[in-house]
Structures are given as C-alpha cells and as structure tokens.
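The values are calculated or read from the model by the stated rules, or taken from the named source; none is laboratory data. These figures come from a predicted structure and were not determined experimentally. Neighbour counts run over all protein chains shown; Cβ positions are idealised from the backbone, glycine included. Areas reflect the complete protein model, heavy atoms only, side chains present, ligands, DNA and RNA absent. Shrake-Rupley method; radii C 1.70, N 1.55, O 1.52, S 1.80 Å.
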Amino acid sequence: MADTSTLARNDYEDCISLLPDCLIHHIFSFLPTREVIKTCILSKRWRSVWTTISDLRFDSFNDYSFVDRVLTHYMWPKVKRFHLDIRSKQEFCHSTIDLWVHFAIDHQVEDLLLIVNIYWEHYTLSPLLYNCSSLTKLCLRGCCFSSSESIHWSSLKSLSIQTVSDDVLRKILMGSPVREYLNLISCQGVKKIHSRSLRELVIDALIVESPMEIWTPRLLSLHVRGDHFHEMLRIIEAPSLVNAELDFDGPVKSDYFLLKQMLSKLQNTTQILLGAWCLRVMWPLKVEDVQVSLPNCKSLTLHIPFYQFSFPAIAYILATTPNLEKLVIIFEPSDWGDLWCESDLNSHNVDHESNWNIKKKFKSWARHIKNVEVFGFYACLRIKYEEVLLLVKFMLGHASILENMVIKVKSKREVVDSHRLLEVARRLQSLHSASKHAAVILNYLEEGLEKQWNITTKCLCIGPENT
C-alpha cells in the first residue's frame, strides 16, 4: 500500500499539472523570465509551458548568454511583452542587442521596454524599430535615435522616452498618430509638444533650458516635474485639461504675468497641484494684484519647500479657487538638513495687520471646502511657527462646512518633541471653528529608532466633542 504522504504529494503534482495553459501564462506574466523558468521543478508539464508564454522580462540582468538560451528555445509565434533591462557593461555589444530587438519585432511585439543602464554608454536604436507597426507601448532609456530615420508607429498609444531632441520628438509625434500617453524624461532640448491625439503628458526634467510650448487640444492630464526651469512652460492650447500637476521650480525672475498666463489655461481643470515656483511668484503680490480664477478646481494640492512657505502666497492661491472642496498642503525640506533647524516657539514673525486685510478680502474661498490634509507640519512649524498656525487658524475660522482637517505631523526622519506638540495641540484647541462638525486630527508616528521599521500611528483628535 502506498505511503499516505506519497499519495498526497502525487495529488498535489496532478493538481498543478491540470491547470490550463491560459492560467499558467497568467501566473507567469507577473514574474521575470528567470523566475518563470525556475518553476519548471513544480511540474513535469510546466517544463515546456514557459516556451509558449507571451511575456518575456529580463530585469536587471548581467548574463547575456541566458537571454540567448531563452530566445533559442522560445516556441510561440507572438510576444506580447518584451522587457530588457541591461546593466552589464562588461559584455555590452550593440549587435547582440540588435538581435534581441529584431527577435521581438519578428514576433510582433506590442509592449517593448529597453533600458540600457551602463554608465555613459548608449545604444543606438536598430533601424527596424522605427517601422514596427505592432507596437502599442514603448519605453526607452539610455537609447539614441538616428536623426536620419523616419518614424512610423501606426499603433503606438503609450511612449516613454529619455533624452530626446526637439527634432526627433517632432518626428515621433508625426509618426505616431494614435498615441495617447507621452512621458518625457530629461529632455532638456524639447521646445514644442504639439499633438492632437495626446490624452496624458508627463514631463520629468531636472533642468529645462529652453521655453517649452504645449499645444494639445485633447489633453486630459498634465504632469510637469522639475528642479530648474530656466525658461517658462507655456500652455498654448489645452481646453480639455482636467488634471494638472505643475510641480517645478521656474525661472529665477518671478513674473506674475507668466504665472497668470499659465493658470488661465486651467479654467476647466478640476484637480490641480502647484509647486515651488507658483508660490514664489505669489509671495510679493498685493491683494489687488490677484486676478486669476479657477472656477472648476475642486481639489488643490500645494507642494511647498519650508523656506518658501508664506501665508499670503497661499491665501492668494486659495482665492483663485472659489469652489474648492479639498485642500492638500505638503511641506518638504529643501534638503534633509532643514529637518533639524530650530526656531523659537514664541517668535512673532507675522505681520498680523497685513494678514488681517488678506483674510478679510479672501475669506469667501472657504465656503465649499470639506477636507484639508497637511503633511510635514511639524518640521515647517519649527521654522515658521506663528505663520503656520495662522494658516490653520485661517482655514478653521472660515471653512463653514469643514468636516476633517488631518495634520500628519512628521516624517520617518523626524523626532517630535512631545512638549512642543502638546503646546501646538492646545493652541489648535483654542481656535474658533466656523464649522460645528469640524474635527482636527493630529496624526503622528511613534518616536524611537527601534520602531522605524514597525511604525505605529497615533492620533490626537481635537473635535467638537473634545472642545
């Protein structure tokens, strides 16, 4: 009689072997190819199933021969997804990568990712890739385009590229008529983005040295992130825009005309994120200078470096959003040294008379706001204590239908002084609230290095039932 454990093991093997190919392929689609091949030990039938998968992913590999062996044994006529993340400089060879790319093209690849992350080495794209009609999604890093090649990607809908010139981008936009998503990374030389088909545009650039012009009549979502925009971003046409993230530090010269011109293109936008440059331009204005309105904005996020925080600047921006329902404020250090800066809790560095005029002029912005979230509160509080509390007081005092104000006090790297936090809680508790139902929640993390990896959230609630 067979041993019970042996029978159980055989039943387990049979169950795995009985799985249909479509389910096995679905499981394999979540794994890098090297891990897929390792699963062969689970079932005899699985030993050959991997040769018919439609997803081939070679992530951060250093062994070129492994890729060659896999492609030699591959049996399926079509590859849906083909990802190459090349890290090894020792065996770097353009012709070998060409062969792999040709393999993907010959197998009618739809989703191609090619990352060549080898110090300063770049891979010049194979000419065959410029006319691949099966491509629907393409991601390229560390790759160079040939300026002499024309581009025809008739099915391409999603494109992510790094370090491309303005001339090459123009060819790409002309040669991919159904493209809906475009992500540009470190593309300093790009001057114009003109496209009738784009629905989502993401610009990730550390440095932008030339004016950048955007003409995208069907664009729904725009995300611009960057540290140094020496010239201005100009939104020429984007009437369909509903989600805009303008999180960049712009020209040193703070030109309100340029900001006003940019914000005027966001009339239909419902979700907006504004970064450092927008706040810096608003800072020196006078009350009567603010003449922009964003009537459809329901959700506003402000990304603010500590030292650029200014109550008047925030008040001016809030004044442009008369129908705002949700406000998120993210305080962040210019560098991590800011987290250790100290200031006097009792300092009175605010021009209260001037700010009273601001509050009187712009208090109507808060009529519709229901939710407020503040991140990095404690670190900014240490630098500009009175001004930060003035902002909270302003919001509480005028948001008549406010439901929740959640203040997330600290990040992992900060240590909160419990005495200071208690003082802040007492100040908040003493503030007048225009809403009878508003709750202020101080959300903070446990102190102690021993709990860095096992974080416990603590909350201190200050609401109607506690006051």
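Key figures for this structure:
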quantity	calculated
Pairs of Cα atoms farther than 12 Å apart, the range 145-190, %	60 percent
Net charge over other residues, Cβ less than 11 angstrom from the Cβ of Trp153 (K, R count +1; D, E count -1)	+4
Where Phe375, Phe82 fall by accessible area, highest first, once all protein chains stay in place (1.4 Å)	Phe375, Phe82
Sorted peptide list for 217-224, 291-298, criterion being average Cβ within 10 angstrom, highest first	217-224, 291-298
Inverse of mean 1/r across different Cα pairs in the range 120-167, Kirkwood, Å	11.5 Å
Additional length obtainable on full extension of the chain from Ser165 to Leu23, 0.36 nm per residue less Cα span	46.8 nm
In Hz, Karplus ³J(HN,Hα) per residue of the range 64-73 (6.51, -1.76, 1.60; θ = phi - 60°; x = Gly, Pro)	5, 5, 4, 4, 4, 5, 5, 5, 5, 8
